[in-house]
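The values are calculated or read from the model by the stated rules, or taken from the named source; none is laboratory data. What you see is a predicted model, and the numbers here were worked out from it, not measured in a lab. Here Cβ is always computed from backbone atoms with ideal geometry, including for glycine, and neighbour counts include all displayed protein chains.
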């Protein structure tokens, strides 16, 4: 295929054009605050209730971002004004809390990864499908404008046949951070490794072979992992670290063209399409970090507005496939998690 003259425009939902969803926030940690702030800043959605393990925790959250503070998760999922529950509790509790919301008839957006293993994600998918409610993993990267452009480039064959994905992600976290806590499914995989593995499976499909090595951190969790995956005739080379900062860049290489994603590649930002003849096209996108979380809320609203209970951007089977790949990597490195099925 010849190198294009321009990049396609992303097909984006109108931030104020879909259903004005009423959100219940389950969990009051770092990511929940940023999600709620982004949604309130950029959409016509509301945060109507916040559930925490204690009413004091909920009050601290609502004091900054609004909503009704509730001292239990059961109260939150039963709240009559809540349309969708955003599950942002610790990783090992995602399945329990997603099932709690589904049983109450609520749609759910579950923080990534949806569960700590594929078995847990299957349980959520089965329950949501049986109840006729939406369940979606909050893999916000894929909802960003730049990933919508990338999807069109891949689907239109602009890159030719994709044969290689490379991606790294690395951040330094002090020893006392929850990411190093074995009781919370700590280590690099849940918070960080899920991003490059999602990219690899999103582009190349499920791996057919997995090789990996891990390094344990100060608390015994697998704090750094290097992965080489074969996807049929294609490969991916991936790295995740909770011990050190890394460039956090990515590339998708095909037989006709390749894409380099600026770091941090999984957040809002720019990328360059490179042709074999030296041609280049640049997608420019403001690097707004986690202020871009609202795009995943808009995907939920877009689905519900069309009467769909599954996302085309992040289908449940794709979430399960990524977790299956994560399970395979962890089996190779011996990364056993507390609460694993």
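Some values worked out for this structure:
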read-out	value
Top-ranked residue in the stretch 295-316 [being farther than 11 Å from residue 135 by Cβ, surrounded by fewer than 22 Cβ atoms within 10 Å (Cβ to Cβ) and touching a residue at least 24 places away in the same chain (Cβ under 8 Å); ranked as farthest from the chain's Cα centre (by Cα)]	305
Hits in the stretch 304-316 - residues which are more than 20 Å from residue 122 (Cβ to Cβ) and not in a loop (DSSP other than H, G, I, E, B)	304, 305
Residue 7 being in the same structural domain as residue 131 (by TED's automatic domain parsing) and touching a helix residue (DSSP H, G or I) at 6+ places or on another chain (Cβ under 9 Å)	no
Enumeration of residues in the stretch 162-179 that are within 20 Å of the chain's Cα centre (by Cα) and either part of a strand (DSSP E or B) or surrounded by 20 or more Cβ atoms within 10 Å (Cβ to Cβ) (or both)	165, 166, 167, 168, 169, 170, 179
Test for residue 238: is it in a strand (DSSP E or B) and more than 22 Å from the chain's Cα centre (by Cα)	no
The stretch 12-28, residues that are in contact with a strand residue (DSSP E or B) (Cβ under 9 Å, 6 or more places away or on another chain) and in a loop (DSSP other than H, G, I, E, B)	20, 21, 27, 28
Exclusive hit being without any contact (Cβ under 8 Å) to a residue 40 or more places away in the chain and either in a helix (DSSP H, G or I) or in contact with a helix residue (DSSP H, G or I) (Cβ under 7 Å, 6 or more places away or on another chain) (or both), set 85, 110, 48, 39	110
Set 150, 159: member being at pLDDT 95 or above, part of a helix (DSSP H, G or I) and touching a strand residue (DSSP E or B) at 6+ places or on another chain (Cβ under 8 Å)	150
From 123, 129, residue being over 16 Å from the mean Cα position of the chain (by Cα), modelled with pLDDT of 95 or more and closer than 28 Å to residue 188 by Cβ	123
Boolean, residue 187 is crowded, with 16+ Cβ neighbours inside 10 Å, more than 18 Å from residue 323 (Cβ to Cβ) and in the same structural domain as residue 255 (by TED's automatic domain parsing)	no
Residue within the stretch 208-227 that is part of a helix (DSSP H, G or I) and under 22 Å from the mean Cα position of the chain (by Cα) present	no
Unmet requirement for residue 90, which otherwise passes all of (1) surrounded by fewer than 18 Cβ atoms within 10 Å (Cβ to Cβ); (2) within 26 Å of residue 316 (Cα to Cα)	(1)
Subset of the stretch 42-58 that is at pLDDT 95 or above and in contact with a strand residue (DSSP E or B) (Cβ under 7 Å, 6 or more places away or on another chain) - its residue that is farthest from residue 18 (Cα to Cα)	51
Evaluation of residue 221 against (1) crowded, with 17+ Cβ neighbours inside 10 Å; (2) in the same structural domain as residue 93 (by TED's automatic domain parsing); (3) over 28 Å from residue 288 (Cβ atoms) (one fails), failing number	(2)
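This table checks each residue for (1) in contact with a strand residue (DSSP E or B) (Cβ under 7 Å, 6 or more places away or on another chain); (2) closer than 28 Å to residue 184 by Cβ.
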site: 216; (1), (2): yes, yes
site: 221; (1), (2): no, yes
site: 225; (1), (2): yes, yes
site: 238; (1), (2): yes, yes
site: 242; (1), (2): yes, yes
site: 248; (1), (2): yes, yes
site: 252; (1), (2): yes, no
site: 256; (1), (2): no, no
site: 259; (1), (2): yes, no
